[in-house]
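Remarks on the structure that follows.
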Amino acid sequence: MTDKQKEVLKNRIATTAAWVVTILFFFPIFWMFLTSFKTEGQAIAVPPLLFFDPTIENYTLINERTDYVKHAWNSVITSVGGTALAMLIAIPSAYAMAFSPGRWTKDILLWMLSTKMLPAVGVLMPIYLISQYFGLLDTRIALVIIYSLINLPIIMMILFNYFREIPKEILEASRMDGTSTMNEITQIVMPLAWGGLASTALLSIVLLWNEAFWSIALTSGDAGTLVSLVASFSSPEGLFWAKLSAVSMLACAPIMIFGWLTQKQLVQGLTFGAVK
Amino acid sequence: MNPTLARWLQAPSIILLLIWMIVPLSMTVYFSTQRYLLQKPQLSGFIGWSNYEFFYTDPRFWPAVLNTLILVGSVLAITVFLGLAIAILIDRPFPGRGIARVMLISPFFIMPTVNALLWKNMMMDPIQGLLAVVSRFFGATPIEWLADLPLFSIILIVSWQWTPFAILIFMTSLQSQDREQMEAATLDGAGFWAKFWNLTLPHLARPISIVIMIQMIFHLSVFAEILVTTSGGPGTSSTNLTFLIYQEALFGFDVGSASAGGVFAIILANIVAYFLVKAVGKNLTV
């Protein structure tokens, strides 16, 4: 075998391996998608059915029996709202830390991260009682505030790393021209770190969309997100696989499609953060 | 920028996080010294260390601590190792790479509750689950995943969701690797492993620490996956500290001892965080 042939063979093997791994990883999602179009009987058939007459009955039932739109809207408001609020607080802070670091900057950042290690369950009762006191139980406002706080440390950390990559000379040049700090942030730093901002926000939205602990603990009906809608469907017997799959697809599809569509942005942003 | 302005800009995030940390934390510490049972509000008052003693001597306590550490350690090892391997595998161009990438990162977007229910029912069910069907096809006896290997099953479920996160970060970082340097190394006769150890791995040092850091934070408080699949059982075999405290608070209605447990969890998290910061902190900032 010549070297050329060896190279071709090696490439074929690597490509096959890549696809096998990909299909294995994706298969559970694909299977859930298929199951959501089966009848309950087909869903638990042994051997499992790969070919069947698809039905959308599960989806119609879920829309009749639950308030999908309300829960989806709550998920959108709380994950986007929490992210926006956290970014608003984090951008100026991370900017100041990156461009005028003090003796304590590193310690402050690590301390911030350590607050993220505070186990949510350890402060569940206090947060519950405080929310109750302010009449915020089962409201989207409570979730937006908590979501922004639980993501703030990670957002700070990532933004700090992005901002640090911006060459200081660019800022110095603009300062010579007398740019104000506000303009410096909005006109220079933010556009330069745009990819980083977008990918940070995206990561935050994904994490909040899927946040389970606070959503389940603090909402009951009005402010319930899709996570709590799915949780209410989890029958311990597992007898309703088809309906469960349908509600799961409805809960996961929006953020998954959002993730797919913004993947380029996400990758661009992350690349920017990694390039010096 | 003048230092005063810099301080003002940093103030909101620092103050908010301070409040977020101190207020509930001090309430938790306060509750932990009180007799505070939701079902018996008439019984209340200061009881000193009793809640701690009660929690510490609970036979479920040490297994829960151990399970927490095993869970975090295993998931980290699996996701970083698999994430690296897969990221390198898909770094070179191949037909359909764009689609493969989208498919590979998809599990990261799945909700923990959905993830757990999907694996529990459709994958790991000992009769109708796909894994059982596959093992019967090969003539093996299906494994009763959640009954016989509860902690391992949860490790698998969590790893399935988080490996894509590692892939995404590593894959992106690999794209910024110096191609000319790699080509030069190839021309000099460096093999795959030589290039991996001397060029790729050092290049990935920071992304690896970021992946470890972020995942550590999430896996210390794994909750939904346990609640939905095994509820910590059988026995205490898959109970982690978060879940133990949750049981104490919401099944036992004992705010006092749950708070004492919360303080234990916070101490454990801080010990882990300390070693973590020592180990990976140097790669991270300033």
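One table, with the values for the structure above:
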read-out: Residues of chain B: accessible area per residue with a 1.4 Å probe, Å²; value: 44
read-out: Most fluctuating residue given options A:212, A:246, A:45, as computed from a GNM of chain A linking Cα atoms under 10 Å; value: A:45
read-out: Virtual spin-label span in nm between residue B:15 and residue B:85, 7 Å along Cα→Cβ; value: 5.1
read-out: Degrees separating the helix A:263-274 axis from the principal Cα axis of chain A, which is the longest one; value: 40
read-out: Apportionment of accessible area to carbon and sulfur, chain B, percent (1.4 Å); value: 70
read-out: With Cα atoms, 0 to 90° folded angle of helix A:124-133 axis to chain A main axis; value: 80
read-out: In range of the label at residue A:8: residues from the range B:69-104 whose backbone nitrogen is under 17 Å from the point 7 Å along Cα→Cβ; value: B:95
read-out: For the range A:170-177, 3J(HN,Hα) per residue [Karplus equation, 6.51 cos²θ - 1.76 cosθ + 1.60, θ = phi - 60°, Hz, x = Gly/Pro]; value: 4, 5, 4, 4, 6, 5, 4, 7
read-out: The range A:1-134, accessible surface, carbon-and-sulfur percent (1.4 angstrom probe); value: 68
read-out: Label-point separation, residue B:144 to residue B:178 (7 Å along Cα→Cβ), nm; value: 5.8
read-out: Dimensions (Å) - the protein assembly as shown, Cα atoms, principal axes, largest first; value: 75, 69, 46
read-out: Neighbour-limited loop hits for chymotrypsin sites (Phe, Trp or Tyr not before Pro), the range B:49-94 (at most 11 other Cβ within 10 Å; DSSP other than H, G, I, E, B); value: B:49
read-out: Accessible surface, per residue, of the range A:43-196 when the full set of protein chains is kept, probe 1.4 Å, Å²; value: 46
read-out: Loop-located chymotrypsin sites (Phe, Trp or Tyr not before Pro) in the range A:70-148 whose Cβ has at most 14 other Cβ within 10 Å (DSSP); value: A:104, A:134
read-out: Derived scalar couplings ³J(HN,Hα) [the range B:116-126; Karplus, 6.51 cos²θ - 1.76 cosθ + 1.60; whole Hz; x for Gly, Pro]; value: 5, 5, 4, 6, 4, 7, 7, 9, 9, 4, x
read-out: Cβ-Cβ FRET estimate between residue A:100 and residue B:205, R0 fixed at 22 Å, reported to 0.05; value: 0.25
read-out: For chain A, built as a Gaussian network whose Cα springs stay under 10 Å, the top-fluctuating residue of A:202, A:24, A:113; value: A:24
read-out: Value at 222 nm in deg cm²/dmol, rounded to 500, when DSSP H runs of n ≥ 4 in the protein assembly as shown each add -39,500 (n - 2.57); value: -22500 deg cm²/dmol
read-out: Under the span-like rule (Cα at least 24 Å along the axis, Kyte-Doolittle mean at least -1.0), DSSP H helices of chain B; value: B:3-31, B:61-89, B:150-175, B:255-284
read-out: Cα long-axis angle, helix A:68-99 against chain A (0 to 90 degrees, to the nearest 10); value: 20
read-out: Shape call, chain B: gyration tensor on alpha carbons, a/c limit 1.5; value: oblate
read-out: Summed buried accessible area for B+A [probe radius 1.4 Å, Å², rounded to 100]; value: 8500
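The values are calculated or read from the model by the stated rules, or taken from the named source; none is laboratory data. Computed from a predicted structure; not experimentally measured. Cβ sites come from the backbone with ideal geometry, for glycine too, and all protein chains shown count toward neighbours. In case anyone asks, the SASA skips ligands and DNA or RNA and just uses the protein heavy atoms, side chains included. Shrake-Rupley method; radii C 1.70, N 1.55, O 1.52, S 1.80 Å.
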